[in-house]
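Take a look at the structure below.
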Amino acid sequence: MKRVIAITGGIGAGKSVVSRVLAAMGFPVYDTDSAARSLMDADEAMRRRIAAEVTPSALNPDGSLNRPALAAVVFANPSALLKLNEIVHGAVRADFMRWVDSRSQEILFVETAILYESGFDALVGEVWEVTAPDALRIERVIKRSGLTANEIQRRIDAQAACARPGHRLIVNDNVRPVIPQILNLLS
C-alpha cells in the first residue's frame, strides 16, 4: 500500500522548499498549483466556465487565462474563490489519482496550499504542515512575486491556517534547519 503524504501550509510558508528537498531525495512530488495551471491552460471549456461563473475578466481577448485579473477578483471575494476552487479542484484530484496509480514508489507526496478546501485530505494518509511567521511569509512572497504586503496578507487570510490534530509540523523560520525535520518525519 502506498504512503501518500500531503505537504501543506499557507503562501510563503515554504511548501515548495520542502517539496524540492524531497524531490532531490528521489521522492515523487505532485504539485497541485502547477497541475491546476496546466489543466486550466489546456482546457478551453474550463477557462470559459471560469469566465462565466467567476469573472469575465479572467480571460484575455485571445481566450487565454488572465491570471492577475482572476487573482485580483478571487483573493478579494471569498465566494469567487470558492467558485474557482469548485471548478478546478475536481479536475486536479482526478489528475492526481491518475498520477498516484502510475507511480511504483511506496512513498508519494502532494503539495497543496488548500488541503481541506480542495478535497485532497480524503486522498492522503498523512499531513505535513509547513509553518513560518506571517512577517517572514510576506517578505518571501514580496521577493518572488512583486505583490504588495496587503495583497499577500489577503491571500494569507483567504488560506486560513489548517493546523489540526495529527498534522506533523515543519517549521521553516530561517532558524531551524528544514532537512533534519524532514528526515525525522520520514523515519
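The values are calculated or read from the model by the stated rules, or taken from the named source; none is laboratory data. In this text the structure is predicted, and so the values were computed from the model without any measurement. Quick reminder, even Gly has a Cβ in these numbers, built from the backbone with ideal geometry, and neighbours come from all protein chains shown. Note: accessible area is taken over every heavy atom of the protein model, side chains too, but ligands, DNA and RNA are not part of it. Shrake-Rupley method; radii C 1.70, N 1.55, O 1.52, S 1.80 Å.
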Whether any residue in region 56-65 is of a type outside the set (A, V, I, L, M, F, W, C), modelled with pLDDT of 95 or more, open to solvent by 70 Å² or more (accessible area, probe 1.4 Å) and outside any loop (DSSP other than H, G, I, E, B) is what I want to check. yes
Among the residues of region 154-175, is there at least one that is part of a helix (DSSP H, G or I), in contact with a helix residue (DSSP H, G or I) (Cβ under 9 Å, 6 or more places away or on another chain), touching a residue at least 12 places away in the same chain (Cβ under 8 Å) and acidic (Asp, Glu)? no
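Condition check ((1) open to solvent by less than 50 Å² (accessible area, probe 1.4 Å); (2) closer than 21 Å to Val171 by Cα; (3) within 19 Å of the chain's Cα centre (by Cα)) across all residues:
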site: Met1; (1), (2), (3): no, no, no
site: Ser34; (1), (2), (3): yes, no, yes
site: Arg47; (1), (2), (3): yes, no, no
site: Ala76; (1), (2), (3): no, no, yes
site: Ala91; (1), (2), (3): yes, no, yes
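Just name the residue that is farthest from Arg137 (Cα to Cα) out of those in region 4-40 that are assigned to a strand (DSSP E or B) and modelled with pLDDT of 95 or more.
Val4
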Exactly one of Val21, Val92, Val17 is in contact (Cβ under 8 Å) with a residue 12 or more places away in the chain and closer than 22 Å to Gly119 by Cα, and that residue is Val92
I need the full set of residues from region 108-144 which are open to solvent by less than 30 Å² (accessible area, probe 1.4 Å) and either of a type in the set (S, T, N, Q) or over 18 Å from Ala13 (Cα atoms) (or both), in order please. Leu108, Thr112, Ser118, Gly119, Phe120, Val124
Residue check, Leu147 against (1) over 19 Å from Ser79 (Cα atoms); (2) outside any helix (DSSP H, G or I); (3) open to solvent by 50 Å² or more (accessible area, probe 1.4 Å), all met but one. Which one? (3)
Hey, Ala69 surrounded by 13 or more Cβ atoms within 10 Å (Cβ to Cβ), part of a helix (DSSP H, G or I), at pLDDT 95 or above and touching a Ser or Thr at 6+ places or on another chain (Cβ under 6 Å) or not: yes
